[in-house]
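Just below is one structure, and these are the notes that go with it.
Bear in mind that the values in this text are calculations on the coordinates, not laboratory data. Since we're looking at a predicted model, the values are computed, not measured. Counting neighbours? That spans all protein chains shown, and the Cβs are built from the backbone with ideal geometry, glycine included.
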Amino acid sequence: MKVEDIKKISVVGAGNMGHQIAISAALAGYQVSVTDISSGMLSQAENFAKKYLPERVTKGKLSQDIAERTLANLKFTLSLEEAVSDADYVIEAAVEQLDVKRKLFTDIDRLAPSHAILATNSSFIVSSKVADATKRPDKVCNMHFFNPALVMKLVEVVQGPHTSDETAQVTVDLAEKMGKTPVWLKKEIYGFLVNRILAAITNEAVFLADMGIATPEEIDTAVTQALGHPMGPFRLMDLTGIDLVYDIGMERYQETRDPKDKPSPLIVEKYVKKEWGKKTGRGFYSYE
Ligand code: 3HC
């Protein structure tokens, strides 16, 4: 397959990442079907697209024509079968739980056309953990976007030992067609590049807060003012979701059994209180 053969993309999971990946693909001219098991999540995604695209027109960042075409390119459905049955490329963006992803990959493999490439947008999990749940491991890889996916340019394309060169190349080309900057990793590593670097910063920030050395606000100020990051690690966790930070920690711990990998007390406290960041209205900061 070549990137030119891709006409229809399916995004499985309409949450924080999925809805923006879908709009990015539709903006690039692809027909996109978005699916989720939650009708609430799906209608939130649809409402976001209906609000975001006209706002871009008002801001002068998008023509009316392209906004209308993009909206017409987007379909939202609760049926996984309907979403993937004629897809050329499927991007899975569901929760960071390996058992959920493995089940999804088995289902998508059964329902999607045999030529379709199946990518996971997982933040940490390498695609070899899901490829063997399918009958097409050569067509499985990681295609990892960053939050907010409509803004952040980088896409990590991770080629596992099972992934064919063709699959990785098509994925790199697709990222470029979507206006992104792909980085192609030819060796799998848990967390890839960016999240490994980010985890080092975040773990240290949480450790300093847990020790009472500084507050999350002070640490965020230090990182933005001294290192020039657009957001400090706590505000960034609020953006990406503290539930995700928790899930990643738990998945990592399942893998390594190293207590250091378990989510820290501060993260567990926020997780239990459902203070997951922007998406729940409260995390380390409050949101109206
Ligand atoms: N969705 C879509 N677009 C958004 C957005 C959102 N949630 N937030 C901001 N934007 C857009 C705005 O519309 C604006 O677009 P324009 O310039 O074309 O009009 C642009 O971003 C700048 O927005 P603002 O001026 O309102 O705000 P900022 O300048 O503060 O930028 C930010 C917001 C882009 C989120 C910036 O703070 C930033 O880059 N933060 C760091 C984000 C980051 O590190 N992401 C990576 C996270 S790690 C990850 O995703 C890994 C994954 O596995 C979890």
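So here's what we get for this one:
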| read-out | value |
| --- | --- |
| Dipole of the stretch 65-177, positive end: most advanced residue of ALA175, THR120, LEU74 [Cβ charges, Cα centre] | THR120 |
| From phi via Karplus (6.51, -1.76, 1.60), per-residue ³J(HN,Hα) for the stretch 152-162 in Hz, x at Gly/Pro | 6, 7, 6, 10, 8, 10, 10, 9, x, x, 7 |
| For the stretch 106-113, Karplus couplings with θ = phi - 60° (6.51, -1.76, 1.60), whole Hz, Gly/Pro x | 5, 5, 5, 4, 6, 9, 8, x |
| Mean separation of Cα contacts under 8 Å, 6 or more apart, over the residue count of the stretch 235-277: relative contact order % | 53 |
| Anisotropy class of the stretch 136-288 from Cα gyration tensor, a/c 1.5 cut | prolate |
| Cut-off of 10 Å, at most 15 other beta carbons, DSSP loop: longest stretch of the chain lacking such trypsin sites (Lys or Arg not before Pro) | 62-134 |
| Long-range amide H partners of VAL11 with built H, under 5 Å | SER33, VAL34, THR35, ILE91 |
| In the stretch 1-130, lysine pairs with alpha-carbon atoms under 22 angstrom apart (chain gap of 8 or more, or interchain) | 12 |
| Residue with peak Gaussian network fluctuation, the chain [Cα springs, cutoff 10 Å], from LEU236, LEU198, LEU111 | LEU198 |
| Dipole of the chain, positive end: most advanced residue of TRP184, ILE21, VAL95 [Cβ charges, Cα centre] | ILE21 |
| Highest-MSF residue in the chain out of ASP258, ASP99, ASP132 [GNM, Cα springs under 10 Å] | ASP258 |
| Gyration tensor (alpha-carbon) shape descriptor, the stretch 1-156, a/c threshold 1.5 | prolate |
| Over the chain: helical MRE at 222 nm, DSSP H runs n ≥ 4 each giving -39500 (n - 2.57), nearest 500 | -14500 deg cm²/dmol |
| Nearest-0.05 FRET efficiency for MET211 and LYS50, computed from C-beta distance (R0 30 Å) | 0.10 |
| Lys, Arg +1 and Asp, Glu -1 on Cβ, resulting dipole of the chain about Cα centre, debye, nearest 20 | 280 |
| Anisotropy class of the stretch 132-224 from Cα gyration tensor, a/c 1.5 cut | prolate |
| Sequence-distant residues sharing a close amide H with VAL155 (under 5 Å, placed H) | THR181, VAL183 |
| Check: the stretch 178-221 dipole with +1 on Lys, Arg Cβ and -1 on Asp, Glu Cβ, in debye | 540 |
| Candidates ILE197, ILE267, ILE91, ranked by Gaussian network fluctuation over the chain, Cα under 10 Å, top entry | ILE197 |
